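Asks: Let me begin by handing over the structure; questions about it come next.
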Amino acid sequence: MEKEKENKISVQSIEMFKKYLFEEERSAATIEKYVRDIKGFYTFLDETKCITREKVLDYKIKIRQEYKVTSVNSMLAALNQFLQFSGLSHYKVKRIKVQNSGFREEEKELSEKEYKDLVKQAYETGEKRLALIMETIGSTGIRISELKYFTVSAVRQGKIQISNKGKVRMILIPDRLKKKLLYYANKAEIGKGKIFITASGKPVNRSNVWREMKKMGIKAKVLEKKIYPHNLRYLFASVYYQKYKDIIGLADILGHTCVETTRIYTTTSAKEYKKRLDHLSLLT
């Protein structure tokens with residue numbers, strides 16, 4: 001009986017897990033996702049809320065039937081972290097192995113022209129904040145969660161220092177972007193604090209931006225499946241690498257500790273590889 005009690009999951013234990021993630025200096029987005037995934041696992045369990053090896057494996061089978069492999073692995077990563085936190089590491093499950101194709105999904109890839117069409121459409125329809133958000137991510141390669149660090153004082157200095165998970169990262173702001181942001185802040189009467197805020201004064205979040213981008217995509221005639229904030233970061237990485245071929249420098253800019261992670265951002269589409277093969281002229 002005592003063993004069963006130890007293996008139970010509760011609302012309180014999920015809250016303790018959330019506090020643990022915060023103390024581990026995980027990003028707000030990571031904490032939010034991990035907690036959401038664990039709540040999903042909690043809902044999956046029967047009324048006893050008791051964790052067993054069999055139930056964990058059944059959960060893995062269930063989500064494998066309902067979600068894409070990348071999503072499943074992400075959810076399992078959260079679950080494994082929770083199991084380890086709960087002293088149940090022996091229940092951890094293996095993630096699904098995926099062979100890296102080495103190609104980008106071209107149908108989901110946002111082109112430079114499409115990006116500029118989105119930005120232009122935003123300016124023309126008076127959505128200056130959205131236009132600047134897209135330009136900020138597109139010209140610096142930041143994560144959308146890092147928009148909150150763009151304060152008036154930081155932009156004036158032309159650089160932003162972020163300390164996270166024991167690492168310090170420097171975001172450099174291009175001169176043209178700096179001028180645009182300060183001009184916008186002045187016109188919006190934002191004398192200090194965060195530049196990208198909602199009408200109620202709260203920092204914009206992923207949902208705000210994604211929703212606004214989708215609306216703009218309809219007007220700019222850009223496919224919806226190409227429109228999500230992180231695609232702007234991919235575009236930045238792709239353009240930077242094509243121009244400078246400096247993957248180490250790109251890794252520093254993106255805040256990656258592993259170059260292999262950066263490589264994902266620099267892969268070429270299958271169509272481009274096909275074009276290269278067709279121009280090799282090795283057939284008689």
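The values are calculated or read from the model by the stated rules, or taken from the named source; none is laboratory data. These numbers come from a predicted model, not from an experiment. Quick reminder, even Gly has a Cβ in these numbers, built from the backbone with ideal geometry, and neighbours come from all protein chains shown. Surface accessibility is based on the protein's heavy atoms, side chains included, excluding ligands, DNA and RNA. Shrake-Rupley method; radii C 1.70, N 1.55, O 1.52, S 1.80 Å.
Asks: Please list, ordered by first then second residue, the pairs with beta carbon atoms under 6 Å, 6 or more apart or interchain, first in the stretch 110-132 and under 12 Å from Tyr184 (Cβ atoms), second open to solvent by 50 Å² or more (accessible area, probe 1.4 Å).
Replies: Pairs found: Ala131/Tyr123.
Asks: Something else now. Going by the conditions given, is Leu181 more than 20 Å from the chain's Cα centre (by Cα), surrounded by 16 or more Cβ atoms within 10 Å (Cβ to Cβ) and in contact (Cβ under 8 Å) with a residue 12 or more places away in the chain?
Replies: Yes, satisfied.
Asks: Just a yes or no: is a residue in the stretch 246-255 open to solvent by 60 Å² or more (accessible area, probe 1.4 Å), assigned to a loop (DSSP other than H, G, I, E, B) and either over 27 Å from Val155 (Cβ atoms) or not acidic (Asp, Glu) (or both)?
Replies: no
Asks: Among all residue pairs at least 6 apart or on different chains, which show Cβ distances below 8 Å where the first residue, located in the stretch 195-209, is on the phi < 0 side of the Ramachandran plot and the second is small (Gly, Ala, Ser) and open to solvent by less than 30 Å² (accessible area, probe 1.4 Å)?
Replies: If the second residue must be small (Gly, Ala, Ser) and open to solvent by less than 30 Å² (accessible area, probe 1.4 Å), the pairs left are Ile195/Ala185.
Asks: Can I ask one more? How about the stretch 41-61: which of its residues are under 12 Å from Leu79 (Cβ atoms), surrounded by fewer than 17 Cβ atoms within 10 Å (Cβ to Cβ) and in contact with a helix residue (DSSP H, G or I) (Cβ under 7 Å, 6 or more places away or on another chain)?
Replies: Answer for the stretch 41-61, where residues must be under 12 Å from Leu79 (Cβ atoms), surrounded by fewer than 17 Cβ atoms within 10 Å (Cβ to Cβ) and in contact with a helix residue (DSSP H, G or I) (Cβ under 7 Å, 6 or more places away or on another chain): Tyr42, Phe44.
Asks: Just name the residue that is surrounded by the fewest Cβ atoms within 10 Å (Cβ to Cβ) out of those in the stretch 62-99 that are modelled with pLDDT under 90 and of a type in the set (D, E, K, R).
Replies: The extreme case among them is Lys97.
Asks: Only residues that are farther than 19 Å from Ala29 by Cα, touching an Asp or Glu at 6+ places or on another chain (Cβ under 8 Å) and among the basic types (Lys, Arg): list them for the stretch 139-193, please.
Replies: Of everything in the stretch 139-193, just one residue is farther than 19 Å from Ala29 by Cα, touching an Asp or Glu at 6+ places or on another chain (Cβ under 8 Å) and among the basic types (Lys, Arg), namely Lys180.
Asks: Among helices (runs of 4 or more DSSP H) lying entirely in the stretch 12-92, which contain 2 or more residues that are over 23 Å from the mean Cα position of the chain (by Cα) and among the charged types (D, E, K, R)?
Replies: Fully inside the stretch 12-92 and qualifying: 53-66.
Asks: Could you go through the stretch 187-197 and let me know if any residue there is aromatic (Phe, Trp, Tyr) and open to solvent by 60 Å² or more (accessible area, probe 1.4 Å).
Replies: The answer is no; no qualifying residue exists.
Asks: Name, by its number, the condition in (1) small (Gly, Ala, Ser); (2) open to solvent by less than 60 Å² (accessible area, probe 1.4 Å); (3) at pLDDT below 95 that does not hold for Ala122.
Replies: (3)
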